[in-house]
Amino acid sequence: MKEKPVEALTEREAAEELARLAAAIAAANRAYHTLDAPEISDAEYDALKRRNAAIEARFPALKRADSPSDQVGAALAEGFGKVVHRVRMLSLENAFSAEEVTEFDERVRKFLNHSGALAYTAEPKIDGLSLSLRYEEGELVVAATRGDGEVGENVTENALTIADIPRRLTGAPRVLEVRGEVYMSHADFAALNDRQAAAGEKTFANPRNAAAGSLRQLDARITASRPLKFFAYSWGELSEPLAKTQFTAIARLKSLGFPTNPLTVLCDGPEAMLAHYRLVEAQRATLGYDIDGVVYKVDDLALQARLGFRSSTPRWALAHKFPAELAWTELLGIDIQVGRTGALSPVARLRPVTVGGVVVSNATLHNEDYIAGRDSKGQPIRGGKDIRVGDWVQVYRAGDVIPKVADVDLSRRKSDSKPFVFPDRCPECGSPANREEGDSVRRCTGGLICPAQAVERLKHFVSRGAFDIEGLGAKQVEMFFNDPILPVKTPADIFTLAARDAANPLQKLKNREGFGEVSVAKLFAAIEARRTIPLDRLIFALGIRHVGEVAAGLLARHYGTWEAFETAVTRAAPGNPEWQELTSINGIGAVMAQSLADAFQNPAERAAIDALVAQLSVQPVQARVATDSPVAGKTVVFTGTLEKMTRAEAKARAEALGAKVAGSVSARTDLVVAGPGAGSKAKEAERLGVPIIDEDAWLRLIGA
DNA sequence: GTGCCTCGAGTTCC
DNA sequence: CTCGAGGCAC
């Protein structure tokens with residue numbers, strides 16, 4: 001692989017490469033220590049470690065929690081290496097009705113400004129786990145699970161044991177990432193469970209869990225003994241296109257030796273798609289493997305490219321799900337949980353029941369209104385039936401995951417049952433729990449006084465997008481929160497843990513049950529490493545209401561430094577210049593601005609924030625460095641008629657290249673793209689001296 | 001004011 | 001994963 005000099009790396013490239021190096025070094029370690037068969041030479045291994053160290057030296061903020069430079073070459077005791085997907089593995093938008101399918105087709109055609117019918121592929125949606133197989137020069141080099149879509153787990157050894165997956169391809173593109181689903185057939189699942197039971201091992205709840213559990217075995221020999229299968233249905237990075245259409249691309253994958261689903265067909269529009277859905281549904285029981293719906297994709301790959309992606313799903317695909325499985329059970333009780341924002345969430349405790357292959361004993365009841373049988377607008381749901389303890393309730397798993405209560409059997413309701421009374425005080429701290437006007441949730445007003453809120457905020461603080469401290473997860477936070485010797489009540493306390501432990505000669509953390517010398521040293525090192533924190537992570541970690549990961553990123557990029565951010569939000573009040581600036585940030589409105597001002601202007605909250613920041617070195621964040629696109633960071637306005645694409649499409653493409661698309665021309669506009677019929681906006685641009693180009697020039701500029 | 005599109009927050013089970 | 005709601009474009 002040709003390497004870019006460390007000096008020339010962008011931050012993003014550096015982060016990606018550090019992740020790749022961590023995975024490569026971990027894999028080499030594992031191969032060396034556990035398999036007795038080093039895959040790379042010592043010199044190559046040293047080169048990887050040197051490069052890793054060089055990149056870390058230039059970008060200290062990017063140093064990973066699992067950095068290889070912190071490891072002494074020891075084999076990783078557990079876990080798989082990480083793989084950064086070159087092309088993200090996305091999820092699909094879901095639909096549950098025929099109406100939503102026709103709407104999908106309309107939306108796609110509107111986006112493309114396509115008046116005629118469009119062709120789509122339709123195929124069964126296999127209920128397994130997705131896998132990405134990377135082939136280089138025809139050799140399988142990496143197999144990775146989906147993970148969170150950005151980073152998956154390296155399961156190459158395990159994937160190589162699956163008979164359906166070719167090790168070697170002939171006539172394939174130089175780089176080819178094949179994506180598909182690993183699954184287990186009903187017959188194999190039943191036989192496996194029989195074997196497991198006979199051997200006194202645990203059995204699996206359903207084929208999907210069995211497939212997932214089998215693929216994620218640390219010992220590949222166990223995976224080899226499990227009857228896993230594979231269907232290819234998509235692809236990631238390619239060195240050259242596979243075909244011009246989805247349907248022929250799948251045929252190409254088949255000819256390369258991958259199993260593809262025989263129920264994949266080409267449809268000329270929504271009616272044919274729905275007909276195929278009904279056909280697949282009718283055959284569902286006899287297929288011999290689990291499916292949970294039908295997937296539709298725009299067939300023309302050029303059109304797929306034009307449609308592009310939303311934040312986490314492609315615009316050109318839709319998963320049409322089968323109706324969820326339902327089950328009746330008894331509602332044993334209703335508990336109230338308190339979240340980090342103080343939200344009181346009711347949870348149903350159920351007599352355990354199997355729904356869709358999994359035993360469910362808890363289900364969400366959303367909020368007060370849901371239990372009462374009305375939605376937040378006062379409209380009756382479930383026919384206005386309320387939910388009472390002791391009722392027989394119908395449960396399903398929304399999206400096959402989250403258990404919910406769908407219905408109540410009034411005929412089985414006991415005559416002495418009483419409506420559930422939602423508490424108006426926090427069950428954890430006793431503070432009043434109020435509902436704000438127009439809000440559907442009741443919130444504890446205790447703030448930091450409420451132990452439940454305090455501990456949930458700490459959990460948020462150490463969560464993945466925030467400080468993400470290895471060895472300090474939700475469980476440990478809860479333990480330290482209640483610990484009499486080394487209490488952690490606020491985020492700042494985390495950073496004084498090591499010093500407090502050192503100052504206590506008698507009851508050292510390392511001598512406690514569940515801790516040892518090594519794990520304590522690792523924990524303290526992980527905390528130390530996070531003393532240096534990028535501004536965006538810090539802002540997110542504060543857990544300010546309405547300010548999530550994305551908003552935190554916007555704020556960090558706008559203000560750049562903690563000092564600038566802190567000054568601005570401390571001063572911001574409706575109408576003043578700081579407020580104006582804050583709300584002028586695209587994506588930050590009045591609600592978020594008020595929430596930020598509230599947090600920074602409340603003395604107790606402010607004290608906690610100041611104590612925390614005093615412990616940290618906050619890394620400034622540069623305004624988004626220009627990508628290699630010529631329009632990155634530029635503000636563009638489209639006006640007049642666009643002939644080669646629709647407005648929505650032009651906007652999406654421009655934004656994908658890092659440009660900001662505005663609706664009106666101002667002094668801050670960098671470029672106006674004017675089509676025929678452009679009127680006042682073009683005139684305004686002329687007056688302000690903003691460059692104006694036509695659509696063709698725009699397309700050339702962005703290299704389309 | 002209305003209608004997208006995203007984001008934020010809360011949730012379950014393995 | 002889903003719901004509710006914030007933010008913004010039309």
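The values are calculated or read from the model by the stated rules, or taken from the named source; none is laboratory data. Not measured: the values here are computed from a predicted model. Neighbour counts run over all protein chains shown; Cβ positions are idealised from the backbone, glycine included.
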Check: If you scan the stretch A:361-405, which residues turn out to be more than 26 Å from A:C444 (Cβ to Cβ), buried (at least 16 other Cβ atoms within 10 Å of the Cβ) and in contact (Cβ under 8 Å) with a residue 60 or more places away in the chain?
Finding: A:D391, A:W392, A:V393, A:Q394, A:V395, A:Y396, A:R397, A:D400
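Yes/no matrix, rows are residues, columns are (1) hydrophobic (A, V, I, L, M, F, W, C); (2) out of contact with any strand residue (DSSP E or B) (no Cβ under 8 Å at 6 or more places or on another chain); (3) farther than 28 Å from A:E436 by Cβ; (4) more than 13 Å from DNA strand B (Cβ to nearest atom):
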{"residue": "A:G543", "(1), (2), (3), (4)": "no, yes, no, no"}
{"residue": "A:A552", "(1), (2), (3), (4)": "yes, yes, no, no"}
{"residue": "A:G560", "(1), (2), (3), (4)": "no, yes, yes, yes"}
{"residue": "A:E566", "(1), (2), (3), (4)": "no, yes, no, yes"}
Check: Out of (1) more than 15 Å from DNA strand C (Cβ to nearest atom); (2) of a type in the set (A, V, I, L, M, F, W, C); (3) buried (at least 19 other Cβ atoms within 10 Å of the Cβ), what's the single condition that is false for A:V295?
Finding: (1)
Next item on the list: Within the stretch A:167-209, track down each residue that is part of a helix (DSSP H, G or I), crowded, with 19+ Cβ neighbours inside 10 Å, at pLDDT 90 or above and not acidic (D, E).
Entry: A:F189, A:L192
Note to self: Criterion first (modelled with pLDDT of 80 or more, part of a strand (DSSP E or B) and surrounded by fewer than 17 Cβ atoms within 10 Å (Cβ to Cβ)) does A:V83 satisfy it?
What the structure shows: no
Next item on the list: Kindly establish whether A:V353 is away from DNA strand C (no atom under 16 Å from the Cβ), surrounded by fewer than 19 Cβ atoms within 10 Å (Cβ to Cβ) and of a type outside the set (S, T, Y).
Entry: yes
Margin query: Cβ contacts < 6 Å: first residue of a type outside the set (F, W, Y), restricted to the stretch A:141-157; second residue part of a helix (DSSP H, G or I), any location; separation 6+ or different chain. Result?
Written below: A:V142/A:T156; A:A143/A:T156; A:A143/A:A159; A:N154/A:A23; A:V155/A:L215; A:E157/A:A220
Next item on the list: Could you please find all residues in the stretch A:376-415 being within 16 Å of DNA strand B (Cβ to nearest atom) and touching a helix residue (DSSP H, G or I) at 6+ places or on another chain (Cβ under 6 Å)?
Entry: A:S376, A:I387
Checklist line | Which numbered condition A:L523 misses (of (1) away from DNA strand B (no atom under 13 Å from the Cβ); (2) out of contact with any Gly (no Cβ under 6 Å at 6 or more places or on another chain)) | finding: (2)
Note to self: Tell me which helices (runs of 4 or more DSSP H) are completely within the stretch A:428-530 and hold 3 or more residues being touching a residue at least 40 places away in the same chain (Cβ under 8 Å), or say none if there are none.
What the structure shows: A:451-461, A:517-529
Notebook entry, point to check: Which condition breaks for A:G383 when tested against (1) farther than 16 Å from A:P419 by Cβ; (2) out of contact with any strand residue (DSSP E or B) (no Cβ under 6 Å at 6 or more places or on another chain); (3) more than 12 Å from DNA strand C (Cβ to nearest atom)?
Noted result: (1)
Check: Tell me, which strands (runs of 3 or more DSSP E) lie completely within the stretch A:305-361 with 2 or more residues that are over 23 Å from A:K125 (Cα atoms)?
Finding: A:326-338, A:344-355
Note to self: Quick check on A:D164: is it at pLDDT 90 or above, assigned to a loop (DSSP other than H, G, I, E, B) and either of a type in the set (S, T, N, Q) or surrounded by fewer than 22 Cβ atoms within 10 Å (Cβ to Cβ) (or both)?
What the structure shows: yes
